[in-house]
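What follows is a set of notes on a single structure, which appears directly below.
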Amino acid sequence: MLMGPISMTAVNLLEPAEFTRVFGNVVELAPSIGSVLARRRPLKDVQHLLTELNTIIDGLSDSDKVDILRRHPDLAGVLAEKGLLTTESTAEQKSAGLDQLTEQQKYDLQRMNKSYRDKFGFPFVICARENKAVAILEGLTTRMINTRERELDIGIGEVKKIARLRVCDLVMA
């Protein structure tokens, strides 16, 4: 079991199964991405790792990208209320202050999450660590006017931001 950030040398020496375990949630609940990334080694540095990760994500079909988005939980949703988020998602939502919402804000966010999901077919994804609750609520409102194709692109861009931060938590710069 690894503790704390590891060096790129250690990343490159991990057995494939251990690599997939360590990097299996850099993209929410998508260990297959970690498995593909393991086969891209050796990786020179964190930037090379991130470039390879983004290449893998960009190479997915639109339906696979939608699947990636659907793996993300609603922000301040039922899973958060029940304590069923991944460790990473719990920390990310907390960092945005989503655990401190008023009942009205929580109701508004859940209502808007449902409207967004109904319109686009996947949950609203935003890098919570780069935003606070108010900005997330505003972003949700603003993005509702987009086309599905535009939201797929924006959502995948947010997945990449989330993955970058998660990788930086795992690997020494």
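The listed residues are GLN110, GLN104, and the only one of them that is of a type outside the set (A, V, I, L, M, F, W, C) and without any contact (Cβ under 8 Å) to a residue 24 or more places away in the chain turns out to be GLN104. Looking only at residues in the stretch 49-95 that are hydroxyl-bearing (Ser, Thr, Tyr), within 16 Å of the chain's Cα centre (by Cα) and more than 19 Å from THR20 (Cα to Cα), the one that is least open to solvent (accessible area, probe 1.4 Å) is SER95.
Within the stretch 79-97, which residues are within 23 Å of LEU152 (Cα to Cα) and without any contact (Cβ under 8 Å) to a residue 60 or more places away in the chain? Within the stretch 79-97, LEU79, LEU85, GLN93, ALA96 meet the criteria. Per the listing THR90, THR141, the residue uniquely farther than 23 Å from ILE33 by Cα, assigned to a helix (DSSP H, G or I) and in contact with a helix residue (DSSP H, G or I) (Cβ under 9 Å, 6 or more places away or on another chain) is THR141. Of the numbered criteria (1) out of contact with any Gly (no Cβ under 7 Å at 6 or more places or on another chain); (2) crowded, with 19+ Cβ neighbours inside 10 Å; (3) touching a residue at least 40 places away in the same chain (Cβ under 8 Å), the one ILE126 fails is (1).
The values are calculated or read from the model by the stated rules, or taken from the named source; none is laboratory data. This structure is a prediction, so every number in the text was calculated from the model and none was measured. Cβ sites come from the backbone with ideal geometry, for glycine too, and all protein chains shown count toward neighbours. For accessibility, only protein heavy atoms count, side chains too; no ligands or nucleic acids. Shrake-Rupley method; radii C 1.70, N 1.55, O 1.52, S 1.80 Å.
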